[in-house]
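Q: Can you read through this structure? Questions will come right after.
The values are calculated or read from the model by the stated rules, or taken from the named source; none is laboratory data. Since we're looking at a predicted model, the values are computed, not measured. Heads up, the Cβs are rebuilt from the backbone with ideal geometry, glycines too, and the neighbour counts pull from every protein chain shown.
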Amino acid sequence: MRLSSQEEYGLRCLLHVANHAAAGPVSITGIASAEGLSVEYVGKIMRVLRQGNLVVSTRGALGGYRLARPAEEIKVLDVVEALDGPIFPETFCGGFTGNHAACVHTTDCSIRVLWHHLGEALHDVLGTISIADLVTGAPSVPARRGAPVHVD
């Protein structure tokens, strides 16, 4: 599994906004300059994040972007899904039917079980870590069995 550059840069842009929340809205040019990205690409990412209700924009000379809600309430899962959709959509296996109209393993697919469990694990981890956790540099992820563990 690979995460897209849009997810990486989207998280970085959102973290930049979160890190500068006290100073007010952050401009696209400010984010682009700080992150080493083009203004056009940051504009696209911020538009998607705004449509996903993760940031709000203010127009004008002192305008820019700020978080739509507290950083503690925005989970990494929210960001990933806003940028690229569900991690493991229900229709995933329907895209791998080979030369047939439907998958030949519709009723007995052990691979689908694997993808389902992987999707749940990613959902659990990404749904636990907030933007605030990333801002402080101390994200905790749920342990496979037991209490959360600190990731260094």
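Q: Could you please find all residues in the range 28-66 being outside any strand (DSSP E or B) and crowded, with 20+ Cβ neighbours inside 10 Å?
A: So the first thing to find is which residues in the range 28-66 are outside any strand (DSSP E or B), and the list is 28-54, 59-63.
Within the range 28-66, I28, I31, A32, V42, I45, M46, L49, L54 meet the criteria.
Q: Another question, then. For G98, indicate whether it is in a loop (DSSP other than H, G, I, E, B) and at pLDDT below 80.
A: Numbers: in a loop (DSSP other than H, G, I, E, B): yes; at pLDDT below 80: yes.
Taking the combined requirement at face value, the residue satisfies it.
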